[in-house]
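Read the figures in this text as sums done on the coordinates, not as results from a lab. Since we're looking at a predicted model, the values are computed, not measured. When we count neighbours, we look across all protein chains shown, and the Cβ atoms used for this are built from the backbone with ideal geometry, even at glycine.
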Amino acid sequence: MTREQLEKAYENALNDAAKQLSYRDLSKASLIEKLIAKGHSEDAAEYAAAYLENKNFLNDTRYAQMLLKSYARKGYGTRRIKQELKKRGISNDDADEVYSEYETDYSVLHSLLDKKLKGDVSDKKEIQKAIAFLQRRGFSWSEIKKALDEYINEHIEY
């Protein structure tokens, strides 16, 4: 490849990368993967991602924070959110950095429990179903236990 062809390839990759980011935020790894899938060389894709990262148009930490907030609002727990971050190409270091500031919102757990139990804490089978539901959403046992204990104490009839 001549120097001009190489520069053109890098410019095309950069244009496609900018176009991808105009639709929505992506992780660096996801952007590189998309560019390669569109036929750009790995070098050109990495160049474009590095350039956009250097200009702060691409920022994995910012993207991870946005994803964490979005999935937390939707009622997902830490484990599930970490899976989503990894699936979207966020490194463990970036995920850990974002999670260092994260605290579980127990009001979300309470509303999910209320959705499943509707205030009735007398049926152990329904409580088990609610626990399984929360586990599938990615909440840890300690988070579920704390929320469930609070929920039961609010709804127990003396």
Task: Positive dipole terminus of segment 5-91, leading residue within Thr78, Ala13, Leu67 (C-beta point charges) - done: Thr78
Open item on the list: Using the crude model of +1 on Lys and Arg Cβ and -1 on Asp and Glu Cβ, and no other charge, please compute the dipole size for segment 106-155 relative to its Cα centre, in debye to 20.
Closed with: 280
Open item on the list: Per DSSP helix of 4 or more residues, -39500 (n - 2.57); summed, then divided by the residues of the chain. What does that give at 222 nm, rounded to the nearest 500?
Closed with: -23000 deg cm²/dmol
Task: Largest-first principal axis extents, alpha carbons of the chain, Å - done: 82, 26, 22
Open item on the list: With θ taken as phi - 60° and the coefficients 6.51, -1.76 and 1.60, list the Karplus ³J(HN,Hα) couplings across segment 68-75 in order, rounded to whole Hz; mark glycine and proline as x.
Closed with: 4, 4, 5, 6, 5, 4, 7, x
TODO: Could you pull the Rg and Dmax for segment 93-158, using just the Cα atoms, both in Å?
DONE: 13.4, 49
- [ ] Could you work out the local net charge near Ser140, counting Lys and Arg as +1, Asp and Glu as -1, over the other residues with Cβ closer than 15 Å to its Cβ?
- [x] +3
Open item on the list: Step by step: find N for segment 3-58, compute 2.2 N^0.38 Å, then divide the Cα radius of gyration by it. What's the final number?
Closed with: 0.99
Open item on the list: Which lysines, if any, have their Cα less than 16 Å from the Cα of Lys55, not counting same-chain residues under 8 positions apart?
Closed with: Lys19, Lys28
Open item on the list: What's the magnitude of the charge dipole for the chain around its Cα centre, counting Lys and Arg as +1 and Asp and Glu as -1 at the beta-carbon? Answer in Debye, nearest 20.
Closed with: 680
- [ ] Read phi for every residue in segment 27-41 and hand back ³J(HN,Hα) as whole Hz from Karplus 6.51 cos²θ - 1.76 cosθ + 1.60, θ = phi - 60°, with x for Gly and Pro.
- [x] 7, 4, 4, 5, 5, 4, 4, 5, 5, 5, 5, 7, x, 7, 5
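Compute the relative contact order of the chain as a whole-number percentage, counting only Cα pairs closer than 8 Å that sit 6 or more residues apart in sequence.
21
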